[in-house]
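Bear in mind these aren't lab numbers, they're just calculated from the coordinates by the rules spelled out. Fair warning: this is a prediction, and the values are worked out from it, not measured in the lab. Ideal geometry is used to build each Cβ from the backbone, glycine not excepted, and the neighbour counts take in all protein chains shown.
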Amino acid sequence: MISFKPEDVPVDILPPIFAHLTDRRHLHAVALVSRTFNGAATPLLYRTLDGIISKGRLHHPSRTLLKRPELAQYVRHVTETGAVHGTIHHSHPTVTADALASLRLCINLESLTWNDDSSTADPIFLSFLPIVRQLRIREIIIHSYSDLGEEAWTLLRQMSGFTKVAIWCMEGPPRVLQGWSDKLGATLTHLELGRCAGVPPTILGSVLSQVPLLQELRLRGVPSAAIPSLLTYLPNLITLDVEFQGSGLYRSSNMPLPRLRNLTVRTSSMDSMGPQKLWFWIRQLSPYPSLESFTLNAFSVQGPIMVPQRFIMDLASTHKATLREFIVNTAQLTLEDIKYLCRTFPGLEHLTCSVASPHVNAIRQAIENGRNLRSLRLHVQWISDVLPTPSWIQALSADDWQRWTAENKAAERLTVAEAKDIMVSNNSRIRVIGLGEALYTGHWVCRPASDGTELEFEVLKDLAPRRWAAI
């Protein structure tokens with residue numbers, strides 16, 4: 001068998017291969033393989049940096065960058081945290097000065113993120129703003145519990161050239177780019193405003209009309225009835241992430257809306273059928289055949305929200321040729337709905353929802369027409385093919401009842417062999433199956449053989465990571 005020699009691998013193909021390694025520990029291991037691998041992995045290791053406090057100890061990249069300034073050229077994204085510069089400042093009095101000095105070395109820096117969960121404005125953030133201006137950073141992301149203070153906002157409003165601005169300040173007056181948007185109109189393509197409650201739609205309209213190049217927009221606290229008219233100011237918008245609050249009058253706009261490709265809607269309701277007018281409003285936001293991804297994060301105190309079949313059919317009448325992702329998370333579909341989705345949307349690749357099913361085979365039959373389906377994630381409520389009646393239960397012996405419940409409970413378990421069969425049969429393209437907390441991932445691997453190597457399809461079972469939905 002031919003031995004592997006890292007030095008024989010063409011250097012130009014290493015960076016795109018290593019870019020798929022999302023765990024920094026794996027990148028670190030790759031960097032130790034050889035000098036060639038180290039040269040390809042190092043820029044990726046230093047591309048995104050942040051400082052953290054773990055078990056009372058500070059871990060900040062500034063120390064390394066100041067000792068080895070040649071590594072600063074690889075840094076593109078930096079996250080600074082108020083806790084690092086505040087709560088631990090007494091034991092590391094030079095942490096802020098070191099961070100500022102190392103940041104000045106990052107001549108290729110593209111974005112700066114500031115996170116601070118303290119209840120008081122942190123003046124330390126002010127010290128980073130001159131560097132933001134000096135390096136002409138293109139993206140600034142602010143997540144802060146408290147307001148930054150008027151001095152910080154005054155300095156920010158004097159800056160221009162940003163392509164992305166994200167403002168998530170939970171206290172103080174809402175910050176919606178008023179008095180700043182005119183300086184950003186020539187460059188801004190990504191905007192996040194995390195607190196718009198109480199801001200008149202006319203002011204939001206004035207702000208958005210000055211940033212017509214916007215391609216991605218994320219809003220919180222905007223009256224749902226105002227959103228369609230606000231979108232008319234943004235002809236280039238591709239991605240929209242908004243809340244539905246279920247208040248106001250819903251009138252169709254006479255002006256053309258942008259052709260959205262990605263739509264995310266977040267809402268909560270007292271009704272298991274979802275907030276009133278939600279489904280009509282969603283269709284109103286994307287009236288043209290352009291939508292590629294639809295995501296719904298919906299919650300109800302009455303249990304899972306049911307997605308009406310009429311909504312799915314209306315969605316198909318407009319977007320059946322373009323939709324690739326239908327992700328409604330814990331919202332409930334029926335097996336017939338899933339069958340309809342797989343049959344009607346030929347390009348569907350990712351499906352996530354809740355469903356009630358008697359067994360795995362019923363799910364398998366529902367997705368058999370999903371020829372392009374690559375990822376299937378289901379929150380399953382397992383039910384019986386034949387629900388037991390009280391008289392039938394009374395006629396069973398204790399042993400028969402235990403056997404019946406065990407058989408039905410076993411139906412919820414998808415074995416690795418069954419997952420593999422779903423992935424490889426009938427030219428299936430599915431490579432990820434999630435049922436509840438179980439996650440099955442399939443991929444081809446090379447196995448040693450007597451005549452060299454052979455390809456074998458392998459399925460690994462793991463627990464799906466628990467993640468809170470994004471704000």
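Normalised by the number of residues in the stretch 1-45, what is the relative contact order in percent for Cα pairs under 8 Å and 6+ residues apart?
Working: 35 pairs, mean separation 18.5, N = 45.
Contact order relative to length: 41 percent.
Note the full-extension length gain between LYS461 and LEU100 as 0.36 nm times their separation in residues minus their Cα-Cα distance, in nm to one decimal.
Numbers: separation 361, 0.36 × 361 = 129.96 nm, distance 4.45 nm.
In short, 125.5 nm is gained.
What size of dipole, in debye to the nearest 20, comes out for the chain about its Cα centre when the only charges are +1 on Lys and Arg C-beta atoms and -1 on Asp and Glu C-beta atoms?
780
In the stretch 148-168, which residues have a backbone nitrogen under 19 Å from the label point lying 7 Å from ASP182's Cα in the Cα-to-Cβ direction?
Taking a point 7 Å out along Cα→Cβ of ASP182, the residues of the stretch 148-168 whose backbone N falls under 19 Å are 153-162.
Based on DSSP H runs of at least 4 residues, each adding -39500 (n - 2.57), what is the mean residue ellipticity at 222 nm of the chain after dividing by all its residues, to the nearest 500 deg cm²/dmol? Numbers along the way, then the final one.
Values: 18 runs with 146 residues, N = 471.
Dividing the helical sum by the residues of the chain leaves -8500 deg cm²/dmol.
Could you tell me the number of lysine pairs in the chain with C-alpha atoms less than 24 Å from each other, where the two lysines are 8 or more residues apart or belong to different chains? Each step should come with its number before you reach the end.
Working: LYS164/LYS183; LYS277/LYS320; LYS320/LYS339; LYS339/LYS420; LYS409/LYS420; LYS409/LYS461; LYS420/LYS461.
Value for the chain: 7.
What FRET efficiency comes out for SER119 versus THR318 if R0 is 41 angstrom and r is the Cβ-Cβ distance? Round to the nearest 0.05. Please list the in-between numbers first.
Numbers: r = 46 Å, r/R0 = 1.13.
That pair, SER119 with THR318, gives E of 0.30.
Counting DSSP beta bridges with both partners in the chain, what percentage is antiparallel, nearest 5?
Details: 19 of 84 bridges.
Looking only at bridges with both residues in the chain, the antiparallel portion is about 25 percent.
Could you work out how far the C-alpha centroid of the stretch 24-95 sits from that of the stretch 136-210, in angstrom?
Measuring centre to centre over Cα atoms gives 29 Å.
Just how large is the dipole of the stretch 268-341 about the Cα centre, in debye to the nearest 20, putting +1 at every Lys and Arg Cβ and -1 at every Asp and Glu Cβ?
120
Can you compute the charge dipole magnitude of the stretch 1-45 about its Cα centre, using +1 on each Lys and Arg Cβ and -1 on each Asp and Glu Cβ, nothing else charged? Give it in debye, rounded to the nearest 20. Mind dumping the intermediate values first?
Working: 4 positive and 4 negative charges, 34 e Å.
Here the size comes out at about 160 debye.
In units of 2.2 N^0.38 Å, what is the alpha-carbon radius of gyration of the stretch 1-45? Don't jump to the answer; show the numbers that get you there.
Details: Rg = 10.3 Å, N = 45, 2.2 N^0.38 = 9.3 Å.
Cα Rg divided by the expected 2.2 N^0.38 Å: 1.11.
Radius of gyration and Dmax for the stretch 141-280's Cα atoms, expressed in Å?
Answer for the stretch 141-280, Rg first and Dmax second: 15.2, 48 Å.
Counting only C-alpha contacts under 8 Å and six or more residues apart, can you give the relative contact order of the chain as a whole percent? Kindly include the intermediate steps, with their values, before the conclusion.
Working: 879 pairs, mean separation 28.2, N = 471.
Contact order relative to length: 6 percent.
Per the Debye formula with a single identical scatterer at each Cα and no solvent contribution, what log10 I(q)/I(0) holds for the stretch 4-84 at q = 0.14, 0.27 Å⁻¹?
-0.54, -1.36
Evaluate E = 1/(1 + (r/R0)^6) for ASN108 and ARG429, where r is the Cβ-Cβ distance and R0 equals 41 Å; express this FRET efficiency to the nearest 0.05. Present the calculation step by step, with values, prior to reporting the outcome.
Numbers: r = 38 Å, r/R0 = 0.93.
That pair, ASN108 with ARG429, gives E of 0.60.
Over the chain, what lengths in whole Å, largest first, do the semi-axes of the equivalent ellipsoid take, defined as the square roots of 5 times the eigenvalues of the alpha-carbon gyration tensor?
Working: eigenvalues 364, 236, 101 Å².
They are 43, 34, 23 Å, listed largest first.
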